[in-house]
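Beneath this line is the structure, given in structure tokens, with notes to follow.
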Amino acid sequence: MKKEKAVVCMTTFNRIDCARINQEIIKLNYKKPLPIIHACSSTNYQEYLENAYLYRKPLSLQHGALDLLKESIKLAMEKFSPEYIIHLEGDTWIMDENVIYNLISEMDKDPNLMICSSSWDEDLLEFEYLKKKTLKLKLERLFANIMRKTGYPYKLACRDSLATQFFIIKSTPEIINCFISLEPIPGLDLEQALYRIFLKTFSEKNILRLKVREPIHPYNRYVTKELTLYSQHWPAQGTANDHRDPTHPRYISPCIDGKMETLQKFTLVRNGKYIKKLLNAKSFDYYNPEASRT
């Protein structure tokens, strides 16, 4: 077994083209590439750049996501026994590797920090405002901003959660056991179930919070520029094909950048045949053919 400082656990349901590019970013474009353990549920996917690959049978949303997560963590510990595990969903790209290494460095300095993540929370007031931008709601947003700065979660839901989309953990037996023991709780998000099991062993002082992502919905779900995190489900502007009413708070406008525009912004990220394929694409029908784009 080769012991590593940090290993990426990548999990993919069916956004396989996103996952291929994610691997190219990490393995071919990072100056300090990281080993990748990849668990995937798509029969259309074939092994690519990952150090170890694991196919898992597709399951329902929460059970499937959890199965991929658990099995990738188990395999990472078996193959590399790393000090840190970085989890990235296949469609979630971190374009600047320094984001990851700086977070690990911060966790190295504080023995209390066991997980780095954000809440999987929702700004209910902002959802209201997106539906109808009234003067009353504009004033209430100002009030909410003041209250939240004091620590009061005014009209924020799901604060009792830890995002699984992107996180970093210290690979101690206690934290690994949190994930291996994790099970869905009816009526709750998986992220809320993770927070509950985490608090059985740890506390808030053991969390390095990614406050730049909070609240994560509606504005930081797909893009968090401070983390160079991009997780759009659509390959380019105008390809989300969102049939919801434009007043819907989760509506994806045709003018919102997709993954191609993300790559165009990061001009130093060019190594990889799938990166080149997306940048040069005239049609996007090939991209994640099984997957929803909203």
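Points worth noting:
- Cα centroid separation - the stretch 101-179 against the stretch 221-294, whole Å: 24
- Shape class for the stretch 190-232: prolate, because the ratio a/c of the largest to smallest gyration tensor axis (alpha-carbon atoms, square roots of eigenvalues) is 1.5 or more and a/b beats b/c.
- Whole-number D in µm² s⁻¹ for the chain, Kirkwood Cα-pair radius fed into Stokes-Einstein, 10 °C, 1.306 mPa s: 80
- Only the Cβ atoms of Lys and Arg (+1) and of Asp and Glu (-1) were treated as charged; on that basis the dipole of the chain about its Cα centre amounts to roughly 560 debye.
- For the stretch 1-106, the dipole from Cβ point charges (+1 on Lys and Arg, -1 on Asp and Glu) about the Cα centre works out to 280 debye, to the nearest 20.
- Taking every Cα-Cα distance in the stretch 176-258 and sorting them into 10 Å bins from zero, the calculated P(r) comes out as 15, 32, 32, 18, 3 percent.
- Shape metrics for the stretch 52-127, restricted to C-alpha atoms - Rg then Dmax, Å: 15.4, 45
- DSSP-defined antiparallel bridges as percent of all bridges, the chain, nearest 5: 40
- Start at zero, step by 5 Å, and the Cα-Cα distances of the stretch 111-244 spread as 2, 9, 16, 19, 18, 16, 11, 6, 3, 1, 0 percent across the bins.
- Under-5 Å amide H pairs with Ala6, H placed in peptide plane, nonlocal only: Glu83, Tyr84
- Restricting the stretch 229-294 to chymotrypsin sites (Phe, Trp or Tyr not before Pro) in coil, as DSSP defines it, with at most 12 other Cβ within 10 Å: Tyr286
Quick note: the coordinates plus some simple rules give every number you see, no bench work behind them. Computed from a predicted structure; not experimentally measured. Cβ atoms come from the backbone with ideal geometry, glycine included; neighbour counts cover every protein chain shown.
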